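A short write-up of the structure that comes next.
No value in this document is a laboratory result; all are computed from the given coordinates. These figures come from a predicted structure and were not determined experimentally. Backbone-built Cβ (ideal geometry, glycine too); neighbour counts: all protein chains shown.
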There are 2 protein chains.
Amino acid sequence: MEQLAEILKAKKLKVTPQRLAIYKVLYETSSHPTAEDIYTALRQSHPTMSLATVYKTLDALKKSDLATELNIGDDSSRYDATIKSHPHMICLNCGKVIDLHTDSLKDFKENVQKETDFDIVSEKVYFYGTCKECKSKKEQNKIND
Amino acid sequence: MEQLAEILKAKKLKVTPQRLAIYKVLYETSSHPTAEDIYTALRQSHPTMSLATVYKTLDALKKSDLATELNIGDDSSRYDATIKSHPHMICLNCGKVIDLHTDSLKDFKENVQKETDFDIVSEKVYFYGTCKECKSKKEQNKIND
DNA sequence: ATGGATGCAAAGTGTTTGCAGCCAG
DNA sequence: CTGGCTGCAAACACTTTGCATCCAT
């Protein structure tokens with residue numbers, strides 16, 4: 001917790017209880033919550049928290065590269081505390097969003113950089129499909145049928 | 001134009017003048033228009049066209065895999081007539097969206113498929129950065145300074 | 001003939017903004 | 001002290017929906 005405040009300070013962001021709480025939620029979960037999710041998660045501990053503050057804070061975190069906004073085609077954006085940019089996999093069956101840590105992206109990017117005359121600053125990569133768990137569940141169902 | 005109607009019919013979509021016009025715009029441009037862009041483009045030729053129809057049609061095209069919705073983090077979605085799924089490159093300077101046709105994605109996907117136990121059905125890949133033209137413009141400015 | 005498509009207006013949803021009061025630095 | 005942050009409500013922008021009418025098949 002201490003260290004989170006340090007990170008914020010290092011980015012020259014004022015450390016308020018709200019900010020810390022929002023950043024903490026984002027930092028400690030891997031569930032890629034929406035602004036609303038974060039707001040709901042904090043209502044009990046921070047009864048005065050406002051959704052606008054969540055949005056404003058997420059915006060500040062984004063601008064300081066402490067968070068990434070995911071646009072997976074859903075109605076609302078989901079967020080991820082950025083440690084290092086990475087692709088995401090969305091299960092079309094259960095809706096789960098999974099972080100993908102792989103080095104293969106690097107090669108792909110290098111190829112693209114070479115092929116085109118486009119300077120890549122950042123990227124967003126989403127894979128849609130079926131996750132391991134849902135796959136085995138489907139197998140189970142087949143057997144039971 | 002004839003063939004566009006055929007494509008729609010093949011997907012069992014009723015061929016109405018509105019649909020044809022919307023699909024034509026999408027099919028013949030590479031500018032990745034928003035729903036509003038398409039609506040504006042067609043107002044003159046189709047004065048009764050409604051924005052709701054554009055949205056409904058885009059939805060129908062999407063469901064039939066004739067169009068793709070791009071979520072590049074902008075306020076509004078942009079659309080692309082799907083010939084074949086491909087990555088997009090967004091210039092952060094001029095806002096242009098460029099189609100990227102490369103085979104390197106295939107290798108990347110195969111690697112990921114092997115590394116994880118996730119069945120990939122589709123993907124969305126966006127690269128953000130500076131396009132060739134904006135790059136040379138920046139060079140020009142440097143020289144002129 | 002008839003089920004789906006159109007088009008208008010109204011409603012909905014996620015997000016942003018204005019502003020007064022507040023608090024971290 | 002002071003500029004930035006909070007929180008409320010109102011405003012916004014994009015998208016969806018309801019429904020009567022229309023038209024492609």
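Cut-off 10 angstrom, C-alpha nodes, Gaussian network model of chain A. Which of A:64, A:85, A:104 fluctuates the most? Taking springs between Cα atoms under 10 Å, the residue moving most is A:104.
Across peptide A:72-80, the average count of Cβ atoms from other chains found within 10 Å of a residue's Cβ is 1. Each copy carries a label point for residue A:137 at 7 Å from Cα along the beta-carbon vector; from one copy to the others these points are 4.9 nm apart, nearest first.
Below 12 angstrom from the Cβ of residue A:41, what's the summed charge of the other residues (Lys, Arg +1; Asp, Glu -1)? With Lys, Arg at +1 and Asp, Glu at -1, the neighbours total -1. For residue A:86, the point set 7 Å out from Cα toward Cβ sits 3.1 nm from its twins in the other copies, listed from shortest up. I'd like the mean, over residues of B:92-105, of how many other protein chain beta carbons sit within 10 Å of each residue's own Cβ. Rounded to a whole number, the mean comes out at 2. Panel note: the C-alpha atoms of chain B, placed on their principal axes, show extents of 51, 50, 28 Å (largest first).
Eigenvalues of the Cα gyration tensor times 5, then square-rooted: what semi-axes does that give for segment B:84-145, in whole angstrom, largest first? Show your work: numbers first, answer last.
Details: eigenvalues 226, 24, 16 Å².
Equivalent ellipsoid of segment B:84-145: 34, 11, 9 Å, largest first.
Here's how it looks for residue B:123: its modeled amide H is under 5 Å from those of A:128, which are all 5 or more places away or on a different chain. Rounded to whole Å, the principal axis extents of the Cα atoms in segment B:1-83 read 33, 28, 20, largest first.
Here's how it looks for residue A:80: its modeled amide H is under 5 Å from those of A:68, A:70, which are all 5 or more places away or on a different chain. Helical runs assigned H by DSSP (4 residues or longer) give chain A a calculated mean residue ellipticity at 222 nm of -14500 deg cm²/dmol, each run adding -39500 (n - 2.57) before division by the residue total. Placing a label point 7 Å from Cα along the Cα-to-Cβ direction at residue B:101 gives distances to the equivalent points in the other copies of 3.8 nm, listed shortest first.
What is the Cα centroid distance between segment A:52-67 and segment B:88-143, reported in whole angstrom? So the two Cα centres are separated by 25 Å.
Peptide A:126-138 shows a mean partner chain C-beta count of 4 within 10 Å per residue C-beta. Computed from backbone phi with θ = phi - 60° and the Karplus coefficients 6.51, -1.76 and 1.60, the 3J(HN,Hα) list for segment B:88-100 is 10, 10, 10, 7, 6, 8, 10, x, 4, 10, 10, 6, 10 Hz; x is used for glycine and proline.
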